Amino acid sequence: FKDVPIIMGKNLTVLAGHNATGKSTILALLGHCAELDAEIGTPFGSTQFRTEYSQIIHIDAQKDIKSEKLMTFTIVDANWSATEEEFYYRSTVQANDRYRILPVRVVDGKKVAAKMQWPVLYLGLSRLYPLGESRKLAIHEDVRLSKEALRNMLNTYKRILNQDEHIIDAKSVDTDVTSYSKTSSFGVSTARYDVAVNSAGQSDLGQILLAVESFRYLKEKMVAEWKGGLLLIDELDATLHPCAQVNLFQYLLESSKELGIQICFTTHSLYLLEYTIKKAERSGRESSGNGDIEVNYLAPEGDFIKVSHNPSYDEMKYDLMMLLPPENVGVKIKAYVEDNEASIFASELLRKYEDRIEIISVELGCENLLKLFEKDSNFRESLIILD
């Protein structure tokens with residue numbers, strides 16, 4: 001990335017695009033900026049509202065960028081009317097090739113390497129772990145989770161999955177995925193199956209609902225001190241059928257507005273993106289420039305990643321599907337060569353693409369052909385084939 005803004009929605013922020021365009025990296029950088037002291041409150045099934053960049057992204061001390069200003073944050077007030085704080089990350093390599101990303105903030109007039117005090121939760125791809133494949137399941141009850149909260153979660157769970165099966169019981173479930181990663185969800189039991197055989201989709205949804213409920217519990221506990229929080233979800237759509245994806249999106253939008261939290265997620269789902277764009281268009285955009293929903297579409301451009309803000313659904317669909325837009329179907333790309341011999345040679349080389357390419361001999365030498373490319377922007381929409 002270079003000089004690229006990521007626009008955050010007041011409620012929901014969507015990161016979409018091909019694989020390996022940096023979507024998960026952005027989530028990791030966002031999550032790394034803040035934490036909340038455990039004494040103030042902890043999420044259900046976890047020890048702290050905190051996300052470490054190094055737990056999400058493996059670091060290469062030789063190749064990763066060392067920068068005095070790696071990424072800059074602009075923090076605004078709850079009304080989106082005034083800037084409360086601006087700070088940035090400094091990245092450095094310390095002893096023993098220890099790569100560190102440090103937030104540089106001004107607190108009481110002094111520069112400090114300290115995170116904001118703000119609750120952040122990250123749900124990564126390690127959550128896509130069916131309970132049935134786990135060697136260690138811990139089923140328990142969290143005394144902080146009231147019966148009313150659990151009942152509301154179950155009703156939401158059934159609505160999102162479009163399930164009308166009678167649920168006999170629901171329990172909190174923890175499972176170790178890696179040496180440092182633990183997933184916390186809730187599982188359901190019915191007359192036909194037990195918690196341990198819940199599907200991956202059921203488990204993923206349980207984790208997301210539990211995370212939202214953690215923010216709800218924290219808001220009720222902090223009362224006047226509450227300033228919202230940030231929930232980050234990698235691959236929101238994974239393991240969920242299309243209707244459940246849309247139902248979950250609507251639930252997150254409503255929860256964000258109710259609790260005053262921001263939710264940022266990545267997705268590759270065309271079905272979900274189509275729904276998101278329609279919702280974003282209806283939500284409108286105020287003078288601040290940030291709408292309730294913002295879509296950031298990431299695509300490679302040379303050595304960098306470009307970001308398109310709120311592109312049309314068709315733009316994303318044709319790019320993700322690697323298809324030609326309808327207006328370009330049948331349009332031939334002009335390929336300029338130096339002479340007739342080159343034209344014959346190029347035609348043989350590019351026979352596979354003869355329906356897409358028109359080869360033109362311009363009877364010009366290499367240097368003159370390159371000058372046309374440099375001087376006339378029209379030639380930049382074409383191919384230049386040199387001997």
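The values are calculated or read from the model by the stated rules, or taken from the named source; none is laboratory data. Keep in mind it's a predicted model, so treat the numbers as computed, not measured. Neighbour counts are summed over all protein chains in view; Cβ atoms, including those assigned to glycine, are modelled from backbone coordinates with ideal geometry. Note: areas computed on protein heavy atoms with side chains; ligands, DNA, RNA excluded. Shrake-Rupley method; radii C 1.70, N 1.55, O 1.52, S 1.80 Å.
For the stretch 320-343: of the residues being touching an Asp or Glu at 6+ places or on another chain (Cβ under 8 Å) and acidic (Asp, Glu), which is surrounded by the fewest Cβ atoms within 10 Å (Cβ to Cβ)?
Residue satisfying both the conditions and the ranking: ASP339.
Yes or no: the stretch 14-22 includes at least one residue that is open to solvent by 10 Å² or more (accessible area, probe 1.4 Å), in a loop (DSSP other than H, G, I, E, B), within 29 Å of ASN96 (Cα to Cα) and modelled with pLDDT under 90.
Within the stretch 14-22, the subset open to solvent by 10 Å² or more (accessible area, probe 1.4 Å) is 18-20, 22.
Still in the list and also in a loop (DSSP other than H, G, I, E, B): 18-20, 22.
With within 29 Å of ASN96 (Cα to Cα) added as a condition, the list becomes 20, 22.
Remaining after also requiring modelled with pLDDT under 90: none.
Within the stretch 14-22, not a single residue is open to solvent by 10 Å² or more (accessible area, probe 1.4 Å), in a loop (DSSP other than H, G, I, E, B), within 29 Å of ASN96 (Cα to Cα) and modelled with pLDDT under 90.
Only one of ASP314, ASP303 is open to solvent by 90 Å² or more (accessible area, probe 1.4 Å) and not β-branched (Val, Ile, Thr); which?
Numbers: ASP314 fails: open to solvent by 90 Å² or more (accessible area, probe 1.4 Å).
It is ASP303.
If a residue counts only when it is open to solvent by less than 40 Å² (accessible area, probe 1.4 Å) and free of Cβ contacts under 8 Å to residues at least 40 places away in the same chain, which strands (runs of 3 or more DSSP E) contained entirely in the stretch 182-277 have at least 2 such residues? Break it down into steps so the answer makes sense when it comes.
Numbers: elements: 182-190, 230-233, 262-267.
Counting at least 2 such residues, we get 182-190.
Among the residues of the stretch 147-181, count how many are charged (D, E, K, R), within 16 Å of ASN198 (Cα to Cα) and either loosely packed, with under 15 Cβ neighbours inside 10 Å or modelled with pLDDT of 80 or more (or both).
Residues meeting the conditions: 4.
Going through the stretch 44-71 one residue at a time, which ones are open to solvent by 70 Å² or more (accessible area, probe 1.4 Å), in a strand (DSSP E or B) and not acidic (Asp, Glu)?
Those that are open to solvent by 70 Å² or more (accessible area, probe 1.4 Å), in a strand (DSSP E or B) and not acidic (Asp, Glu): ARG50, LYS69.
Starting from residues that are modelled with pLDDT under 75 and assigned to a loop (DSSP other than H, G, I, E, B), keep the ones in the stretch 91-142 and report whichever is nearest to the chain's Cα centre (by Cα).
LEU128
Hey, could you check the stretch 355-369 for residues that are under 41 Å from the mean Cα position of the chain (by Cα) and under 15 Å from VAL337 (Cα atoms) and say which is least open to solvent (accessible area, probe 1.4 Å)?
If we filter the stretch 355-369 for residues that are under 41 Å from the mean Cα position of the chain (by Cα), which is where we start, we get 355-358.
Then keep just the ones that are under 15 Å from VAL337 (Cα atoms); that gives 357-358.
Numbers: ILE357: 29, GLU358: 79 Å².
Among those that are under 41 Å from the mean Cα position of the chain (by Cα) and under 15 Å from VAL337 (Cα atoms), it is ILE357.
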